Each structure stands twice: as structure tokens, then as C-alpha cells.
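Notes to accompany the following structure.
The values are calculated or read from the model by the stated rules, or taken from the named source; none is laboratory data. Being a predicted model, the structure only gives us computed values, none of them experimental. Backbone-built Cβ (ideal geometry, glycine too); neighbour counts: all protein chains shown. When the accessible area is computed, the model is the full protein with side chains, heavy atoms only, and any ligands, DNA or RNA have been set aside. Shrake-Rupley method; radii C 1.70, N 1.55, O 1.52, S 1.80 Å.
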Amino acid sequence: MAQLIGGLGTSHIPAIGGAIHKGLQQDPYWKPFFDGFPPIRAWLGETRPDVVVMFYNDHGLNFFLDKMPTFAVGAAPQYCNADEGWGIPTLPPFKGELDLSWHIINTLVDKEFDIVTCQEMLVDHACTLPLKLFWPEGDCPVTVVPVCINTVQFPLPKASRVYAMGKAVGEAIRSWDSNKKVAVIASGGLSHQLDGERAGFINKAFDLQFIDSLESNPEWATQFSIHEIVEKAGTQGVELLQWLAMRAALTAAAPKVRRVHSNYHIPISNTATAVMALEAV
Ligand code: DHB
Ligand code: FE
């Protein structure tokens, strides 16, 4: 059976793609963000996952507001990026892991999650940037199964529902008939609001409490309604639901997790950024 080795979380912001392209990792604005990654890359160098399951939200590249699935799973041999309109370079395609995609899809439907299945799927900055941040050198060494959770257009899935879906994905990974090593990734957040009266809103106290909860009290955030999460983390801060799915998946792998490393930095663009690695122990 496949091994679920751990989980990673990172913020995604289009400007990060621009900074990577321009080589600004040591620039004083960017350094505190990029400095969070080397200890996690070292852990990835030791553990060497073969496949990643990526929980993220599409921002209008693959799904626009006219058709917005709550949960969608990619089942494509490769995933192409395209011009998102942020001025960031378009990245080459990422390889899929078809067998795991279909195993996750079958498992989720069997567990009564009504998902959308995507045999073609464009992936935006939320899917591509984590792969570039965790594996910056050369071709991406892992294959990918994208799992898209709507945190963009209301109505959004409740935190408890996202948690249940993440757990089911973890169970699917664990029951996949393969000797490959799998890691789960969360892409999004933490607190941020890009528009409206509270544009620029950030809530450090809440973010840090949320990060700590992922280590020792994974269901903590399920106590909040979507409106409470928006209140505490901002309209786009609801992307923290992606982290909740990642953590829920790990409950299928091990009773506990070990925090390998985490970093929190405010702000990059309008966002409170975080990166974290959790090992299933
Ligand atoms: C920003 C943050 C996001 O999550 C995103 O998808 C786009 C932009 C930002 O802070 O600029
Ligand atoms: Fe986003």
C-alpha cells in the first residue's frame, strides 16, 4: 500500500512567481518569506515523496464564476498552466498520477462526496507556485493529483465538510495499491482580504492559533462557520480551508504529526504568509 509521509502548507500569491522569475529570494522584502523553505526542502530531500496531492483553489483559470464546483479532482495525464493575467511567467506542464486520481475519485464518490471529475484541467498559481517553492530546481520531481476546493464563490463548503473530505482523501491515499510515497500539500492563506472595506485585513493572532492547532488539535477550526472564518481571516483568508483538508488527510496516516518546520511572515502583497511541513509519525 502507498505511504502517506506527511503534509506541507504554503501561501500562494502571484507576486511570488514574479519574485522567483526575477531571482529576488535574497531581496530584503522577499527574504523573510523565502527563508522559510530551505529546512522543508531538506526534509523533502530526505523523505523523497513520489507523488503529491494538492489541495488548492482555482481563481478563475479553470473554473470561472459561471461554473464553480465545490470539490473537483483532476484525472489528467498532465496539467497545463496558462496566462493568468498577473504578468507571471507561464510554467511548463506538470505530470499527473492517473491511477491515484481515479482511486481518489472512486473512493470519494463511494464515501458520498459528489465531486466533479476533470480529465482536462488548467492549473493556476495556487497549484503551480507550491511546486516551484518546494522543488525550485529543474523539472518537478513529483507527479500531481490536484484537488480543488471552492473558497472563491459563495456558497463555500463548511469547515467540517472540508475536514471530512480531506480525511477521505487521506484514506484513499492509504488504500492505494502502490509502493509510492505520497505527500499532501495545502495551498492558500493565511489571513488576507483583497477587496472591499477591509482590504488589507490581516489577523496574526488567529493565524498563529490556527497553525498551532494543525499540530495538536486538528479539528479546532471546524468549530467556526464560514462567516466566522471570513470575519477572523478575511474574505480570501478562507483559503485556510485548504490547510484544514491537508491536515485531515494526515489523520488517515498516523495518530500524530511532528512539526518539521514552520515560518510566518507579514505581509507579502496583501497576505499573511505561512509555510509548514508536518511529518506523519
Ligand atoms: C494575493 C493573494 C492570493 O491568495 C491570491 O490568490 C492572489 C493575490 C495577494 O495578496 O496579492
Ligand atoms: Fe488565492
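What is the number of the single condition among (1) part of a loop (DSSP other than H, G, I, E, B); (2) out of contact with any strand residue (DSSP E or B) (no Cβ under 9 Å at 6 or more places or on another chain); (3) open to solvent by less than 60 Å² (accessible area, probe 1.4 Å); (4) more than 15 Å from ligand 2 (Cβ to nearest atom) that Asp66 does not meet?
Of the numbered conditions (1) part of a loop (DSSP other than H, G, I, E, B); (2) out of contact with any strand residue (DSSP E or B) (no Cβ under 9 Å at 6 or more places or on another chain); (3) open to solvent by less than 60 Å² (accessible area, probe 1.4 Å); (4) more than 15 Å from ligand 2 (Cβ to nearest atom), the odd one out for Asp66 is (3).
For the condition open to solvent by 40 Å² or more (accessible area, probe 1.4 Å), over 24 Å from Ala15 (Cα atoms) and among the basic types (Lys, Arg), what is the one hit in Lys181, Lys204?
Only one candidate passes the filter, namely Lys181.
Quick check on Val182: is it outside any loop (DSSP other than H, G, I, E, B), under 13 Å from the mean Cα position of the chain (by Cα) and among the β-branched types (Val, Ile, Thr)?
Criteria not met by Val182.
For Ser101, all conditions in the list (1) open to solvent by 50 Å² or more (accessible area, probe 1.4 Å); (2) at pLDDT 95 or above hold save one; what is the number of the exception?
(1)
Would you pick out the residues in region 220-235 that are touching a Gly at 6+ places or on another chain (Cβ under 8 Å) and outside any helix (DSSP H, G or I)?
If we filter region 220-235 for residues that are touching a Gly at 6+ places or on another chain (Cβ under 8 Å), which is where we start, we get 229-230, 233, 235.
Matches in region 220-235: Thr235 only.
Please state which of the following conditions Arg198 fails to meet, knowing it meets all the rest: (1) free of Cβ contacts under 8 Å to residues at least 12 places away in the same chain; (2) out of contact with any Ser or Thr (no Cβ under 6 Å at 6 or more places or on another chain).
Just one mismatch for Arg198, condition (1).
Return yes when Val109 is open to solvent by 50 Å² or more (accessible area, probe 1.4 Å) and more than 25 Å from Glu84 (Cβ to Cβ) and no when it is not.
The answer is yes for Val109.
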